[in-house]
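The next block holds one structure in the form of structure tokens; read it before the comments.
The values are calculated or read from the model by the stated rules, or taken from the named source; none is laboratory data. Worth saying up front: this structure is predicted, and the values here are computed from it rather than measured. Positions of Cβ are backbone-derived with ideal geometry, glycine not excepted, and every protein chain shown enters the neighbour counts. Side chains are part of the model used for accessible areas, which takes the heavy atoms of the whole protein and leaves out ligands, DNA and RNA. Shrake-Rupley method; radii C 1.70, N 1.55, O 1.52, S 1.80 Å.
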Amino acid sequence: MSATGKFHVAIIMDGNGRWAQRRGLPRSAGHVQGAKMVRRVVEASARAGIRTLTLYAFSSDNWGRPSPEVESLLRLLQCYLASETRRCLRNSVRINVIGRRDRLPSGLVRAIETSEQLTAHCTRMRLRIAVDYSSKHSILEAVRRAATGTLNTETFEALLAEVDHSAGDAGAVDLLIRTGGDQRLSDFLLWDCAYAELYFTDVLWPEFGEAGLHAALEDFGGRQRRFGKVLAESA
Ligand code: FPP
């Protein structure tokens, strides 16, 4: 496994609903199982030397789901932050929630702020959780804020980070993983994934596991990244 150092992995955690439905359970049970898998994959990522892990937990389009599912997802996120902050502190994992905050319940916003403050000094890995996140919204909002200033890649990325409440520069995504069989980006980190390697798996998120992460990292290790250029030996 060659993926170490300043490595940014982003994951679209899809398939919770189907995992539950196949077992005759409500979709919310799939999300609960999904949250358990988040804990395992966060720990496995830190062990693997991943520098930044960004997880898509709740997209802005997810507000369109039935309200009991939305409420259970937001509650789950709040519980996750309450229970996992201590574990992240122990493992020196810095928590940062990216996305809009103006539409979230106030209790969740307080939980986010607490987790971020308590783990602000942690340096081993940065765990970014995307909540009420829409890449298109972030880009539009950054453009609006840039209207009066100088705009280049650096200033634009700083504005994007400000819009997203991102704690500093997370860097471009190196590897984007999507579980659950679909092959699309779903408005996730569109700017940051400009040169990301994409990895799709049919495995449903609640079954992804450390083995799933290692399979993705191994696949990534075999990719040839050229960033639009040619390899030195063929130049
Ligand atoms: C997509 O599966 C998944 C989500 C919309 C939510 C992801 C949330 C979690 C994994 C748990 C909470 C997160 C954290 C960080 C604690 P889906 O419901 O669309 O599945 P389906 O495609 O099978 O219906």
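At-a-glance table
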{"read-out": "Filter result for Ala82 (hydrophobic (A, V, I, L, M, F, W, C), within 13 Å of the ligand (Cβ to nearest atom) and open to solvent by 20 Å² or more (accessible area, probe 1.4 Å))", "value": "yes"}
{"read-out": "Boolean, Leu104 is without any contact (Cβ under 8 Å) to a residue 60 or more places away in the chain and closer than 25 Å to Gly17 by Cβ", "value": "yes"}
{"read-out": "Failed item in (1) farther than 22 Å from Cys193 by Cβ; (2) in contact with an Asp or Glu (Cβ under 7 Å, 6 or more places away or on another chain); (3) within 13 Å of the ligand (Cβ to nearest atom), with Arg103 passing the rest", "value": "(3)"}
{"read-out": "Residue tally, condition in a helix (DSSP H, G or I), more than 8 Å from the ligand (Cβ to nearest atom) and open to solvent by less than 20 Å² (accessible area, probe 1.4 Å), over region 21-68", "value": "5"}
{"read-out": "Residue list for region 149-178, restricted to those being acidic (Asp, Glu) and assigned to a helix (DSSP H, G or I)", "value": "Glu154, Glu157, Glu162"}
